[in-house]
Amino acid sequence: MESTNEREAMLRRLSALSFAMWELHIFLDTHNCDKEAMRKLEAYDIKYKALLKEYESKFGPLILNISDANNNADCNNRWAWTQGPWPWEDGKEC
Amino acid sequence: MWSYEKKLQYPVKIANTNPALAKIIITQYGGPDGELSASLRYLSQRYTMPYPELKGLLTDIGTEELAHFEMIAAIVYQLTKNLTPEEIKKSGFDTYFVDHTTGIYPVAASGAPFTSSYFQVKGDAITDLHEDLAAEQKARTTYDNILRMCDDPDVRDPIKFLRQREVVHYQRFGEGLRLATDKLDYKNFYAFNPEFDCKKPCK
């Protein structure tokens with residue numbers, strides 16, 4: 001299924017960005033004045049937010065936002081939160 | 001509090017089931033040096049830990065360990081899908097199956113259920129940070145041992161990621177220990193316990 005591949009590819013890009021951000025974040029726990037790390041973290045954050053918005057508009061929420069979920073007449077977003085595949089699944093669950 | 005992101009920290013996509021391997025890997029779910037033990041250790045130690053950097057570090061690494069706990073569950077789940085009774089018996093997975101079917105339950109590879117005696121909260125900053133450094137190395141050794149017994153690249157890839165995180169956390173805890181000792185009596189780090197003896201707000 002093409003959309004599954006597109007979803008996985010986009011999710012991998014999101015994961016790579018959020019991992020880079022997390023790594024910088026815990027580095028900053030013990031180096032809290034490192035300006036270079038802060039600058040990189042901010043740059044990744046801008047890219048991450050844009051990609052997250054694109055992903056969620058196509059494939060449903062990764063992070064549940066109540067106003068986004070409810071602001072939808074046919075309950076699509078609320079349904080999308082509970083809809084699989086969940087992160088541990090391969091999409092072939094019954 | 002915590003919030004949930006509907007994704008794994010690192011992707012897990014395993015094509016072929018392998019219940020014998022699942023029985024080994026589940027030790028990182030509920031075994032002595034597993035991710036649950038790691039998460040509960042750090043998240044419990046942080047309450048009386050002095051110094052803002054250390055509270056932040058224990059909160060963040062304890063949170064990341066929960067994401068690893070979920071990755072291990074995903075690996076075990078995908079390794080034990082659609083098994084036949086024959087596969088279950090032949091692989092040795094039968095001793096787990098009889099109690100839990102293919103549900104994900106925190107046990108060690110030996111079958112011993114999870115217990116909080118796998119970790120300590122001593123209430124002394126230097127002591128707890130040394131436990132944390134040792135815990136990261138013990139988990140790293142466990143992942144090395146898993147890699148010795150696993151040749152499936154779909155499984156090795158996320159296991160190698162998790163192994164590498166142990167090395168990074170060890171580095172961060174080492175820096176945390178240095179931050180703590182820098183604030184203690186440099187002639188005698190054990191002169192007082194900053195988690196108990198500090199009556200004034202700790203700087």
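The values are calculated or read from the model by the stated rules, or taken from the named source; none is laboratory data. Please read these numbers as outputs of a predicted model, since none were measured by experiment. FYI the Cβ positions are ideal-geometry reconstructions off the backbone, even for glycines, and counts take in every protein chain you see.
Applying the condition of being within 13 Å of another protein chain (Cβ to nearest Cβ) and over 10 Å from the mean Cα position of the chain (by Cα) to segment B:23-53 and asking which residue is surrounded by the fewest Cβ atoms within 10 Å (Cβ to Cβ) yields B:Pro52. The set of residues in segment B:1-22 being over 19 Å from the mean Cα position of the chain (by Cα) and under 21 Å from B:Arg148 (Cβ atoms) consists of B:Ile14, B:Asn16, B:Thr17, B:Asn18, B:Pro19, B:Ala20. Restricted to segment B:67-110, and to residues there that are among the polar types (S, T, N, Q) and under 25 Å from B:Pro153 (Cβ atoms), the residue that is nearest to the other protein chains (Cβ to nearest Cβ) is B:Gln78.
Would you confirm whether or not segment B:138-146 contains a residue that is closer than 20 Å to B:Leu8 by Cβ, touching a residue at least 12 places away in the same chain (Cβ under 8 Å) and of a type in the set (S, T, N, Q)? Yes, there is a match, as at least one residue in segment B:138-146 is closer than 20 Å to B:Leu8 by Cβ, touching a residue at least 12 places away in the same chain (Cβ under 8 Å) and of a type in the set (S, T, N, Q). Residues of segment B:72-85 that are β-branched (Val, Ile, Thr) and surrounded by 17 or more Cβ atoms within 10 Å (Cβ to Cβ): B:Ile72, B:Ile75, B:Val76, B:Thr80.
The residue pairs whose first member lies in segment B:81-101 and is closer than 10 Å to B:Ala20 by Cα, whose second member is of a type in the set (D, E, K, R) and surrounded by 11 or more Cβ atoms within 10 Å (Cβ to Cβ), and whose beta carbons are closer than 9 Å, counting only pairs six or more residues apart or on different chains, are B:Ile88/B:Asp94; B:Ser91/B:Lys23; B:Gly92/B:Lys23; B:Phe93/B:Lys23; B:Phe93/B:Glu87.
The residues on offer are A:Ile63, A:Ile26, and the sole one that is closer than 25 Å to B:Glu70 by Cα, among the β-branched types (Val, Ile, Thr), surrounded by 12 or more Cβ atoms within 10 Å (Cβ to Cβ) and at pLDDT below 95 is A:Ile63. Selection of segment B:55-71 for residues being surrounded by fewer than 24 Cβ atoms within 10 Å (Cβ to Cβ), hydrophobic (A, V, I, L, M, F, W, C) and within 19 Å of B:Gly174 (Cα to Cα) yields an empty set.
Within segment B:166-176, is there a residue that is closer than 26 Å to B:Pro19 by Cβ, touching a Ser or Thr at 6+ places or on another chain (Cβ under 6 Å) and not hydrophobic (A, V, I, L, M, F, W, C)? No, segment B:166-176 contains no residue that is closer than 26 Å to B:Pro19 by Cβ, touching a Ser or Thr at 6+ places or on another chain (Cβ under 6 Å) and not hydrophobic (A, V, I, L, M, F, W, C).
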